[in-house]
Amino acid sequence: MRNPIAYFIPFILIIILLASCYSNRQVTTPAFSVGDTTGKRSVPPVDPLTRKLIDSILQAGLDTEALYTMFAGIKPMSSLVSFTYPLADTANAKQQSGNILDKDHQPYLDSLYAIQQALNTLDLPDLKFVLTPYRRTYNGNRHIQINVIRISLLDSLLRAEQNFFGHFGLVPAADPGVVLNTIEYEETYKRWRGYGYLFGYPPYAVDFFVEAGYETDISGQFVARDFFAIPVHVRQDGHFVYATPKGYLPRRDPDSVLYFRALSALNEYRALRSHYLNADSSLQAYRLLSDFLSDHR
């Protein structure tokens with residue numbers, strides 16, 4: 001699974017500022033709400049730091065593969081941004097204790113609180129934003145990712161792949177956060193398969209990835225593969241991409257169908273994008289997405 005930490009670096013200063021604002025208060029005023037006479041959702045002139053954070057997170061997603069979840073109903077789930085905090089327990093002596101963190105960790109918790117509160121203000125039809133801590137930790141660091149899930153596509157996926165998701169007790173209308181965190185905390189091969197389905201990869205590609213991973217673990221030999229890449233706004237490859245067997249020739253269905261559906265959505269997004277730029281070239285991402293979703297109900 002891609003871990004776009006580098007993409008999140010430009011937003012770190014925003015988060016630090018937000019943390020100082022949120023550490024001693026709880027937000028009760030929505031950052032975004034319905035407010036004009038056109039029927040479009042508008043942004044009230046409050047909490048400018050929250051609005052800037054939200055726009056930054058959504059822009060990171062719209063400019064990469066989350067476009068195909070938020071803007072177009074192609075992928076049930078996409079990652080927007082991820083980041084790392086030194087919150088993991090590295091002392092075995094603390095495993096039985098409820099006091100794993102100390103006061104030095106409070107700034108990191110304040111930052112996470114600010115992000116979670118900002119996400120909680122979002123009200124976009126059919127979309128759910130989930131802050132997901134990864135199960136695995138590294139050298140005392142915990143990686144945390146913001147994912148977006150299109151609820152209707154998730155329900156369709158849970159129905160189509162019920163022989164897999166059903167054995168966890170996951171059925172259509174399940175809470176997206178429960179689905180995601182159930183998969184995140186599963187054992188390796190089920191975790192890979194669950195994420196493959198959620199990220200919208202064709203079933204044959206999910207099968208290949210899981211089976212190749214298992215073969216590598218058993219034999220110790222890496223299984224050769226090719227990759228099928230679908231372009232996003234910021235680059236042609238490296239974002240929405242999945243592994244295929246070595247020498248595999250893409251087929252009309254599902255590969256070409258998926259590619260051209262995504263390309264059509266990307267071209268539509270690029271045509272709209274220039275109309276939602278700020279003076280500093282940052283994107284009014286919430287307004288763009290909200291207007292688009294309102295027009296396509």
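The values are calculated or read from the model by the stated rules, or taken from the named source; none is laboratory data. Predicted, not measured: the structure shown is a model, and the values here were computed from it. All Cβ positions, even for glycine, are placed from backbone atoms using ideal geometry, and neighbour counts span all protein chains on display. Keep in mind that these areas ignore ligands, DNA and RNA; they rest on the heavy atoms of the full protein, side chains included. Shrake-Rupley method; radii C 1.70, N 1.55, O 1.52, S 1.80 Å.
For every residue, the table says whether it meets (1) farther than 25 Å from R287 by Cβ; (2) open to solvent by 50 Å² or more (accessible area, probe 1.4 Å).
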{"position": "A60", "(1), (2)": "no, no"}
{"position": "E65", "(1), (2)": "no, no"}
{"position": "A88", "(1), (2)": "yes, no"}
{"position": "I100", "(1), (2)": "yes, yes"}
{"position": "P107", "(1), (2)": "yes, yes"}
Residues in region 237-284 that are surrounded by fewer than 14 Cβ atoms within 10 Å (Cβ to Cβ), outside any helix (DSSP H, G or I) and over 22 Å from the mean Cα position of the chain (by Cα) total 10
If we keep only residues of region 123-156 that are closer than 30 Å to D89 by Cβ and of a type in the set (A, V, I, L, M), then the residue surrounded by the fewest Cβ atoms within 10 Å (Cβ to Cβ) is L131
Of all strands (runs of 3 or more DSSP E) fully inside region 67-159, the set with 2 or more residues that are touching a residue at least 12 places away in the same chain (Cβ under 8 Å) and small (G, A, S) is 77-85
Those residues of region 182-196 that are closer than 16 Å to T132 by Cα, in contact (Cβ under 8 Å) with a residue 24 or more places away in the chain and open to solvent by 50 Å² or more (accessible area, probe 1.4 Å) come to a total of 1
Only one of (1) part of a strand (DSSP E or B); (2) modelled with pLDDT under 95; (3) small (G, A, S) does not apply to S294, and that is (1)
Those residues of region 200-224 which are open to solvent by less than 40 Å² (accessible area, probe 1.4 Å) and free of Cβ contacts under 8 Å to residues at least 60 places away in the same chain amount to P202, A205, V206, F208, V210, A212, G213, T216, V223
